[in-house]
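This report refers to the structure that appears directly beneath it.
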Amino acid sequence: MNFVTPEIAWAPLTPILIVLGAAAAAVLIEAFIKTPATRRLVQLTVTIGALAVALGMVVVQWVGLGDSAGTVVMTGKITVDAQSLAWQAMLLVFGILAALLFAARTADGEESFTSLGSVPPGSTEERLARRAGLQVTEVYALLLFAVGGMMLFTCITDLIFLFVALELFSLPLYIMVALARRRRLLSQEAALKYFLLGAFSSAIYLFGAALVYGSTTQIDMESIGIAIDFIPSNDAMLLAGAVMVVVGLMFKIGAVPFHSWVPDVYQGAPTPVTAFMGAATKAAATAALVRVMYLAFYPLEWELSWMFWAVAIASMVVGTVVALVQTDVKRMLAYSAVAHAGFILVAFAGLTPEALTALPFYLLTYGLATIGSFAVISQVRERAEDGGVAAEAVRLGQWAGLGRRSPLLAGAMALFLLSFAGIPLTAGFIGKFEVFSAAVAGGAWPLVLIAVLASAVAAFFYVRLIVLMFFTDVPEGAQDTVAVENDLLTRIVIIVTAAATVLLGIVPSGVLNVLQDAAVFLVSAG
Amino acid sequence: MQSLIWLAIAIPLASAAFLLVAGKRADAWGHWVGVVASSAAFLVGAGALLEMLGQDAANRATTLTLWEFIPGSDLNVNVGLLVDPLSITFVMLITFVGTLIHFYSVAYMEHDVARRRFFAYLNLFIAAMLLLVLADSYLLLFFGWEGVGLASYLLIGFWNHRNEYATAANKAFVVNRIGDIGLIIAMGMMFAAFGAVDFTTVFAEAPEASTATLTAIGLALLLAACGKSAQFPLQSWLGDAMAGPTPVSALIHAATMVTAGVYLIVRSAPIFNGAPNAQLVVAVVGAITLLLGAFIGMAKDDIKKALAASTMSQIGYMMLAAGLGPIGYAFAIFHLLTHGFFKAGMFLGAGSVMHAMNDQVDMRRFGALRGVMVITWVTFGLGWLAILGIPPFSGYWSKDKIIEAAFVGEGWQPWVLGGAALIGAGLTAFYMSRLFFMTFHGKARWTDDVHPHESSPLMTVPMIVLAVGSAFLGLFMATGDRFTHFLEPVTGHAEHHDPVIPIPVIIALTLALVIVGAAVAWMKYGRADVPETAPAGSLATITARNDFFQDGVNRAVFQRPGQHLTRTLVYADAAIVDGAVNKQAHGWARLGEASRKLQTGQVRSYAATMLVGVVLIALIIVVGGL
Amino acid sequence: MVSEVLFWIVAALTVIPSLALLFAKRPVHIAMSIVLVMVGLAAAYVGLGAPFLGVVQIVVYTGAVMMMFLFVMMLVGVDNAEDMRETIKGQKWIGFLAAGGLGILLISVIGDASIEPRLTDTVGNPEGVAMILFSEYVLVMEVLGFLLITAAVGALVLTHVPRLTPRRTQVELQAARVLAGANPVNKPMPGVYARHNALDVPALDPQGQPIEESVSRVLEIRRQTQDGQEFRAQLEDTDNPDHEARPHGAPSRDADTRNTRDGEEPK
Amino acid sequence: MTAMSFVYLAAILFAIGAAAVLLRRNAIVAFMGVELMLNAANLVLVAFSRMYGELDGQIMAFFVMVVAAAEVVVGLAIIIALFRARQTISLDEPAELKG
């Protein structure tokens, strides 16, 4: 046996390498810069710089694509094509916005992350750490690892490599979830739940991948797709394996019945982390699911369609119905995220080429609105007894009259909510329109009908919050209990996401045309 | 300039955004930004008009595709503007009157702390209204339609610290939503019938569609028009809308927005042409409203509400004309144009009077203002002569044509419609003269604390300009049927038909009724003393004074059930927000509560949910796949 | 072909201890059972022609992962027996049914598969694995590196407590102790002057009074100290016959020595 | 007897691991259940690798081991942090996030 030097086309991987390299560098920065304040500044600069440069590289790659569909980086392992570049660009944008939110501070100079993750909440050590001005600046490194893992996730064509990337972006998320500054007990609870269920689902994914390997002798997606054509499609082991693989990805998307972690984790995690994973995890998981379905399990479309229908309907119904009775803003948006997982799965009906445009666009609009709305949430704070700023005011009742206190902030929130609801002139409308058209093209009009009904019902709880903000007066005696923060970085994020939401709602054609070019997979084999 | 017409929308919109964002820094000079933006929009419109006049009558419609809204789907929705004689007429009216009112508002709102915000809303309104009339598809028109609704809502409730004003704003909002449903339904039916909502496709395919379809679409459009234009039975909001600042009443609730319904009907001419029944309903609604408005106008003592009733009545005339088909379309728009001038002028006059009288609106406390407010008196008087239809002032040329056209036809229609129009003219003369005499003539019945004075030039100059328009615009436009020919490419050529009564007779009858009406008003309100408190009055007066109990009817028919519905919702809301489990929450909420219990917080239950899900799905698919 | 004996041994060695996961009470027992399972699996890998993996399995799982589990168990209390009564209603049934269903489903789908083993002699050997690992899978290897960095950073963030108060020098410590009113000199050892070298005998001060705190506090709490007075008596009896004359609480010898140091003549 | 019998064995181990996650309140024990599930998947990979006479399955199993080790580190770190705050590692205890 002779060793054959592997042929790897490194160039298309530059964006990912930049991000992961910066992540490793960020770990070193942790070791070498002692002052927390300086470290924060350096980490923030490195993070945003790396993400921006990577974004630039993605654009360069995109332009360089020309008419070709993409490059096979390594046969059967990674393929960077137009579709994955579109997803990568989106993830990088989300990453930059999230990094800004990570660095945001309240007027009291308080960050969203705890000053020391290892000491018990409320202990003397925690107070000491806070007084010493410690900061968990490792979150920037973790963010970069997560973004890098997600970017890999979008272009991998191998089920086991996919598992590695899945863990690469999940582990940082598990950790970051546990690091909230306020309500840390909830944050740690959320981390434990997320971790345990995440590990559970990745075990299921892995067993599924093993079964698929067993029935096809292949592990890279294209070869699986080809191999399935040669075996009877009612091979039970293959079907069970495929179901388990898809379940692992649906868990990350947050679809019913694999959604239970979503509300708890969204509520418990530090708000910037919620914003990031609400937007980016869903996008990355959807990207991977698209690739798995279109490359590997395309021949099983008919068999698996039942699963997609059932899960999509269950997600839309459960997400919508339970969101109606929520009293916590973050939790309400979490259930709305579950409902949106349903809308995403609707587009998979029939595995049409239209979905390859519709899904990135939908995830882009959804992600922007998610980051924006959680950014707004991070600005609405409870006021402590001594007049200082306390934790986020997440009870619905505390949002009453926000429109009077801060019309622009409330207006932005209303915009994001309308976008979630899919009201015309917001990005969400175009996103829903595209997704539903894709499903109709796939012949799934009953599913679309249910989806339209679900969005109509869902509009109720979005509008309820808007009504609460603008048409309800601040309760008597509660005027001073809510403080509105005015952090520059957060404001930048809110303005950018709001502007994008409006622009994508009014002039979506530019982005849609770009994504139409991205609706191709590079198929190397066969 | 036609290709730059989008600037007319973009400039006021940008200005509105700027004024809203700029904050307190711009308080000192922000209003001038608003004025400049509106003037710029006017200049763009004027340029487009001049360019259009230089072209052949047949080539005057230009479609401007701005961008593709949703590319690549079966449903090609583009964002485009349509510049043709009809839309350019509206552009000119909106920007010209709008700019004058901007100037006027600078002085009128001088002492208001939120003047900058006011101008932002005004600019927003101008932009939305221009979008409405320039849109090349019903969808885009709908966005403008909603935009003007929003601006109107914001402006009516501008002084929302006063509770009844906020209520008025909400009322206008709700009634307008009812109308909007009509437009949405109409669009849905167009999608179903023609597969598109842009004017070109719809109008090209309308002649082939069945009459039933066209009638249904037409009626839905009429519902929309009724909501926006305060036509029977959705007229109730207009009177209350007078709660807004007077320039708003002049611009939105007299000259422009309320006429959007008429625009919608005239623009949809190809649809209505194929649906005679829908046309008849339009005409009848117009006739009812014109009489209803006139009756209400006779009994109101609030000067703005009387003017509002008059607006309602005059729009009734326009609707009537629009319902008559091709012979009426041009006259509807013509009257709309002249009305825009004289009614805006009179509203500004009323504002000037209110300014002088410490914001009083009760005409019974006015009187004998002729002496102290000469300019206001003269300009208002010109408007009064115009609305009465005295030749050669504007109103004569437009209203008389409508009355003539109403008498064209067969069977009972000309007699009923024509009769209504004719009687309406007499009633108009009465209530407008009543208003005029009560305000400017007779004895002074001022309260002790008022010291009337003429307003500043910034207010009087726009009034003078509008008065000149009220006086001569009609004559200019009517000479040689200039305006009718201008609109012909859009409204279609109308065959000449003879009315059932000879035209000279109609003219004579109309003038006679007008003179009688004015004379009666002079006897009762000009020469005789007007009591300072309103007499109890007969049943008819009370009925009219209370807007024909429209509010009561609305309350019983719409509001009560609606309230019950909202109350349940609010109750459920309160219960949910307070975290209490609401026993009576309807199905969804109960379902939600039930499903919520599944989220126990126990991570082991979550894992169980997942595992059961996996096993079930795998089982079904594996068994189903065998 | 695989040896049947091996299979049954492995089956017994994995399934039976793994049941401890469901039924054993003490986590330590469970962890040790899982170690057995891992060893069993390693045997299976060797039997299946993957000796390299077998070794890795032992090193990684039994050597590292399970030991880490044991460490954490010791941190959180090694002998916490779990109360096996189920607290969530119906969870036991759902759990057994779902897991049982999963097992039956998987076994039936595996049984349904018709896979013909290919008869080749290629078995796993470290060289072969290395060849493929560093050619085809080299990218995955590199990504694994990042994964391990993440894990290390994560563990540090969540568990490492840095020094929160400045480290104090001995001088500072001493000063603080004196300020707090502590005795500046060393405590006497138990038994000093008491003519006894047992830990439970209090030392005697120069007056011969027992110093109770010279005995370890642990003994005191356990009431295992000797009575100091008793040893004092011994002292009086043997060493200092004129001690009797001095009344209780009279100036001590301390005072005398001080006087002496001051230069005065002793009596 | 073929390597297929090991796949059956793996299925049983996988189910036992899953049951442990559902039934055991001790976070560490539940976590060991997950580890058992991953090991079961490894056994499947190795068994198929043997049946097909190729090394890919073994290499995948090797990756899974490394990933599992990393996962264990993070998981135990979370458990320790939780224990420091609550003095318990029962999975039933932290259940404030619900509804």
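Of all residues in the range C:126-147, none that is in the same structural domain as C:GLY54 (by TED's automatic domain parsing) has its Cβ atom under 7 Å from the Cβ atom of a residue that is part of a helix (DSSP H, G or I), 6 or more apart or on another chain. If you go through the range B:209-247 and keep only what is within 11 Å of the chain's Cα centre (by Cα) and part of a loop (DSSP other than H, G, I, E, B), you end up with B:ALA230, B:GLN231, B:GLN235.
Just one residue in the set A:PRO446, A:PRO424, A:PRO407 is away from every other protein chain (no Cβ under 13 Å) and either farther than 23 Å from A:ARG331 by Cβ or in contact with a His (Cβ under 8 Å, 6 or more places away or on another chain) (or both); that residue is A:PRO446.
Residues that are out of contact with any Asp or Glu (no Cβ under 7 Å at 6 or more places or on another chain), surrounded by 20 or more Cβ atoms within 10 Å (Cβ to Cβ), outside any strand (DSSP E or B) and touching a residue at least 40 places away in the same chain (Cβ under 8 Å): does the range A:378-387 have at least one? For the range A:378-387, residues out of contact with any Asp or Glu (no Cβ under 7 Å at 6 or more places or on another chain), surrounded by 20 or more Cβ atoms within 10 Å (Cβ to Cβ), outside any strand (DSSP E or B) and touching a residue at least 40 places away in the same chain (Cβ under 8 Å): absent.
Applying the criterion of being more than 9 Å from every other protein chain (Cβ to nearest Cβ) and part of a helix (DSSP H, G or I) to the residues of the range A:132-143, the residue that is nearest to the chain's Cα centre (by Cα) is A:LEU143. Within the range A:164-185, being more than 8 Å from chain C (Cβ to nearest Cβ) and surrounded by 24 or more Cβ atoms within 10 Å (Cβ to Cβ) holds for A:LEU166, A:PHE169, A:SER170, A:LEU173, A:MET176, A:VAL177, A:ALA180.
Restricting D:ALA11, D:ALA15 to those that are modelled with pLDDT of 95 or more and within 11 Å of chain B (Cβ to nearest Cβ) reduces the list to D:ALA15. Within the range C:188-220, the set of residues being over 32 Å from the mean Cα position of the chain (by Cα) and basic (Lys, Arg) comprises just one member, C:ARG195.
Residue-by-condition table, conditions (1) assigned to a helix (DSSP H, G or I); (2) more than 10 Å from chain C (Cβ to nearest Cβ); (3) aliphatic (A, V, I, L, M); (4) free of Cβ contacts under 8 Å to residues at least 24 places away in the same chain:
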{"residue": "A:GLU7", "(1), (2), (3), (4)": "no, no, no, no"}
{"residue": "A:LEU17", "(1), (2), (3), (4)": "yes, no, yes, yes"}
{"residue": "A:ALA23", "(1), (2), (3), (4)": "yes, no, yes, no"}
{"residue": "A:ALA31", "(1), (2), (3), (4)": "yes, yes, yes, yes"}
{"residue": "A:LEU44", "(1), (2), (3), (4)": "yes, yes, yes, no"}
{"residue": "A:THR47", "(1), (2), (3), (4)": "yes, yes, no, no"}
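A count restricted to the range A:236-263 and to residues that are among the basic types (Lys, Arg) and either under 21 Å from A:LEU324 (Cβ atoms) or without any contact (Cβ under 8 Å) to a residue 24 or more places away in the chain (or both) stands at 0. Screening the candidates A:ALA275, A:ALA203 for the property of being without any contact (Cβ under 8 Å) to a residue 40 or more places away in the chain and part of a helix (DSSP H, G or I) yields one hit, A:ALA203. Criterion applied to B:LYS304, B:LYS300 was being more than 17 Å from the chain's Cα centre (by Cα), over 25 Å from B:SER137 (Cα atoms) and not hydrophobic (A, V, I, L, M, F, W, C), and the one residue passing it is B:LYS300. In a residue-by-residue description of the range A:494-508, the property of being within 11 Å of chain B (Cβ to nearest Cβ), more than 22 Å from the chain's Cα centre (by Cα) and within 24 Å of A:THR352 (Cβ to Cβ) applies to no position.
Against the test of being closer than 28 Å to A:GLY510 by Cα, out of contact with any strand residue (DSSP E or B) (no Cβ under 6 Å at 6 or more places or on another chain) and not in a strand (DSSP E or B), the options B:ALA14, B:ALA46, B:ALA26 yield a single qualifying residue, B:ALA14. Among helices (runs of 4 or more DSSP H) entirely within the range B:462-566, having at least 3 residues that are at pLDDT below 85 singles out B:482-491, B:539-545, B:550-554. Tell me, please, whether a residue that is part of a helix (DSSP H, G or I) and either of a type in the set (A, V, I, L, M, F, W, C) or under 23 Å from B:ILE184 (Cβ atoms) (or both) can be found in the range B:67-86. Yes, the conditions are met somewhere in the range B:67-86.
Here D:GLU54 clears all of (1) more than 14 Å from chain B (Cβ to nearest Cβ); (2) in a helix (DSSP H, G or I) except the condition numbered (2). For residues in the range C:1-30 being of a type in the set (Gly, Ala, Ser) and facing another protein chain (nearest Cβ under 7 Å), which is farthest from D:ARG25 (Cα to Cα)? Ranking the candidates gives C:ALA11 first. Give just the number: which of (1) surrounded by 24 or more Cβ atoms within 10 Å (Cβ to Cβ); (2) under 27 Å from the mean Cα position of the chain (by Cα); (3) aromatic (Phe, Trp, Tyr) does B:TRP377 not satisfy? For B:TRP377, the failing item is (1).
Set side by side, the residues B:ILE252, B:ILE185 differ, and just one is in a helix (DSSP H, G or I), surrounded by fewer than 18 Cβ atoms within 10 Å (Cβ to Cβ) and touching a residue at least 24 places away in the same chain (Cβ under 8 Å), which is B:ILE185.
Matching residues to (1) part of a helix (DSSP H, G or I); (2) surrounded by fewer than 24 Cβ atoms within 10 Å (Cβ to Cβ); (3) within 7 Å of chain C (Cβ to nearest Cβ):
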residue: D:VAL44; (1), (2), (3): yes, no, no
residue: D:PHE48; (1), (2), (3): yes, no, no
residue: D:GLN58; (1), (2), (3): yes, no, yes
residue: D:VAL66; (1), (2), (3): yes, yes, yes
residue: D:GLU71; (1), (2), (3): yes, no, no
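Could you check the range C:1-117 for helices (runs of 4 or more DSSP H) lying wholly inside it with 2 or more residues that are over 16 Å from D:PHE31 (Cβ atoms) and not small (Gly, Ala, Ser)? In the range C:1-117, the matching helices (runs of 4 or more DSSP H) lie at C:4-18, C:27-47, C:51-56, C:91-112. Quick check: anything in the range A:257-270 within 15 Å of the chain's Cα centre (by Cα), within 12 Å of chain B (Cβ to nearest Cβ) and assigned to a loop (DSSP other than H, G, I, E, B)? Checking the range A:257-270: at least one residue is within 15 Å of the chain's Cα centre (by Cα), within 12 Å of chain B (Cβ to nearest Cβ) and assigned to a loop (DSSP other than H, G, I, E, B).
Could you say which residue among C:LEU75, C:LEU53 is at pLDDT below 95 and either more than 9 Å from every other protein chain (Cβ to nearest Cβ) or surrounded by 22 or more Cβ atoms within 10 Å (Cβ to Cβ) (or both)?
Unique residue meeting the criteria: C:LEU53.
Entry remark, the range A:96-131: residues being part of a helix (DSSP H, G or I), more than 8 Å from every other protein chain (Cβ to nearest Cβ) and over 29 Å from the mean Cα position of the chain (by Cα) number 5 in total.
Those residues that are of a type in the set (Asp, Glu) and more than 7 Å from every other protein chain (Cβ to nearest Cβ), I need them from the range D:76-99; list them, please.
D:GLU93
Screening the candidates B:GLY424, B:GLY474 for the property of being in contact (Cβ under 8 Å) with a residue 24 or more places away in the chain, surrounded by 24 or more Cβ atoms within 10 Å (Cβ to Cβ), farther than 27 Å from B:ASP301 by Cβ and under 22 Å from the mean Cα position of the chain (by Cα) yields one hit, B:GLY474.
The values are calculated or read from the model by the stated rules, or taken from the named source; none is laboratory data. All values derive from a computational prediction rather than experimental measurement. Note that we place each Cβ from the backbone using ideal geometry, even for glycine, and neighbour counts take in every protein chain shown.
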